[in-house]
Amino acid sequence: MTNHPRRIGKFELIERLGEGAMGEVFLARDTLIGREVALKTIRPAALTSPDARERFFREAQAAGRLNHPNLVTIHEFGEDAGVHYIAMEHVPGDDLAALLASRELSRPAILDLLAQVCDGLAYAHQRGVVHRDIKPSNVRVTRFSNRLTAKILDFGIARLPGSDLTSTGTLLGTFGYLAPEAIQGGKADHRADLFAVGVLLYEALAGERPFDGESTATVLHRIVHDEPAPLDPEALEGVSPALRDVVARALAKAPAARYATADALAADLRAARNPAWTGGDTREITVRMPRIRPEGGTAPRRGLRILVWSLLAVLLAGAAGGGAWAWRRHRRRARAAAQAVQPVPQAVAVPVPAAPDPTPTQPPAAQPAPETAPPVQTPAPGQNPGQPPAAHPVPSQPAAQPPAPAPAPAPYRDLDAAAAALDKDPRGALAALEGILQREPDNERAIALRIAALYESGDYRGTGRAMMEAKRGGHPLWPMALKYPRLRQVFERERLQPRLPRRRAEGADQGR
């Protein structure tokens, strides 16, 4: 730290954590509130012009408005004695580059981490912020209760002048993650970030980058013109072979041929953790995602905050009482029992108890028989047909009643199939989701989709109970709504046309 003072503004520098293309990073302490932060200083050479400084503040401000579980939070930015700095959340743990080098991550765990990266990217992209420097060293991985969480570093910093294609030397490692359109001078939008995720995915599976070379020119040429080598079968051990198609689509040369959104890529990455997944379309959950920003231009943070607080009040009212957990256990057992019984085809007669004496075979009674010809019994010889027949009575046949609706088919064997069925068959999707939750009670995506399925099926009290169960089970609604568009869609629809029960909402809110 010879080139820096022991203090920058209100931040006391503790130790140097590392150095990047844009500057140095220090562990520092905010002397006003005692919080430890990662303090990144920007090299003066990167901010020589007024335009560059203005851009730095504009993009740091845009990144500072992002608040998501998979993004490192920016606390503040500023200048002190000519040193520009950004104070951000200090995240203990390892970066993804170190974890990939150690080979300690299973392939399903890798897919889960990269899906989390896509979750953070989706949140930022929806707010007009593009990272443009996704790489393993910019993904921090934390561990809590045996769960790995990915957090993206340096949002907005990659756009600064020091990280463009004219740089040399220290940025050589970043070139391997650039999208073809960025190299060719075209307009690079959010799909350039998805290309970088594709590079990360290939590297994590194969142990090497898809486009590598001995010089910068070779790497850039291969990114623009060459296709990566096919993945070996060993690279897909424990995951779906259809992951090859996911990699190919993410690494498509043309942006239009890639995934349209980070949400869609995240859905496929999660689906590919199942070796039986065959690569079906999992994007439906993102196509109908509501707009966060209203057309009138209202600031999104304020409107969404109001929505969340109002929904929390509804949840407390709709799920009052201590029977929620017992209800969930009963509901799951009932659904599991229903799934264990195969539906009886309508063309097969339902067995009935045998009468004491044999009776003539009766044809299927789909329509009521004419009065002059009773369906089963025949009058005895010499008997007046108008008199009641002397034959033995036959138990009533279920087929003579109006046919009950056939049970909803349950071909939805995984989360993606259930998500795709939410609109056309919400009850069938609900049955599948409850079966999944019986096996995996902490599957957060299944919890979110179950809430949506209950809402779509018209069970609004059940929706309220499910929301409260999620909250009590350690799955708060706010982060889930940010990660899963179908749950956020429920919130938006409820705000426009309230349907959830609101009894005792005010009292519950006051007692919260």
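Close amide H partners of Leu17, meaning residues 5 or more places away or on another chain with modelled amide H under 5 Å apart, are Val25, Phe26, Leu27. Packing, as the average of other Cβ atoms within 10 Å across residues, places the peptides 45-55, 191-201 in the order 191-201, 45-55, highest first. A simple rule links phi to the HN-Hα coupling: the Karplus curve 6.51 cos²θ - 1.76 cosθ + 1.60 with θ = phi - 60°, which for region 217-230 gives 4, 5, 4, 5, 5, 5, 4, 6, 10, 9, 9, x, 5, x Hz, with x for Gly and Pro. When peptides 232-240, 422-430, 72-80 are sorted by average Cβ neighbour count within 10 Å, with the highest value leading, the order is 422-430, 72-80, 232-240. How far is it, in nm, from the label point at His221 to the one at Glu492 when both lie 7 Å from their Cα along the line to the Cβ? My value for the distance between the label points is 4.7 nm. Counted residue by residue at 0.36 nm each, then reduced by the alpha carbon distance between them, the extension gain from Gln61 to Ala257 reaches 67.4 nm. Here the spin labels are modelled as points 7 Å beyond Cα on the Cα-Cβ line, and at Glu237 and Asp212 they lie 1.9 nm apart. Under the classification rounded if a/c is under 1.5, otherwise prolate if a/b is larger than b/c and oblate if not, where does region 92-151 fall, given a ≥ b ≥ c as square roots of the Cα gyration tensor eigenvalues? Prolate, because a/c is 1.5 or more and a/b exceeds b/c. Scanning residues 5 or more positions from His84 or on other chains, those with amide H under 5 Å from its amide H are Ile42, with H placed 1.01 Å from N in the peptide plane. Close amide-amide hydrogen proximity is noted between Asp94 and Val141, each under 5 Å apart and 5 or more residues distant or on a separate chain (H modeled in the peptide plane; Pro and chain starts excluded).
One chain, two ends: Ser137 and Ala81. Fully extended at 0.36 nm per residue, the span grows by 17.2 nm beyond their Cα-Cα distance.
Subtracting the Cα-Cα distance of Arg413 and Phe144 from 0.36 nm times their residue separation leaves 93.8 nm of extension gain. Packing here is the average count of other Cβ atoms within 10 Å per residue, and on that basis the peptides 140-149, 28-37, highest first, run 28-37, 140-149. Do the alpha carbons of any pairs in Lys135/Lys253; Lys135/Lys187; Lys253/Lys424; Lys151/Lys424 sit beyond 25 Å of each other, and which pairs? Result: Lys253/Lys424; Lys151/Lys424 exceed 25 Å. Only the Cβ atoms of Lys and Arg (+1) and of Asp and Glu (-1) were treated as charged; on that basis the dipole of region 7-89 about its Cα centre amounts to roughly 80 debye.
The numbers here are math on the coordinates, done by the rules we state, and not lab data. These numbers come from a predicted model, not from an experiment. Here Cβ is always computed from backbone atoms with ideal geometry, including for glycine, and neighbour counts include all displayed protein chains.
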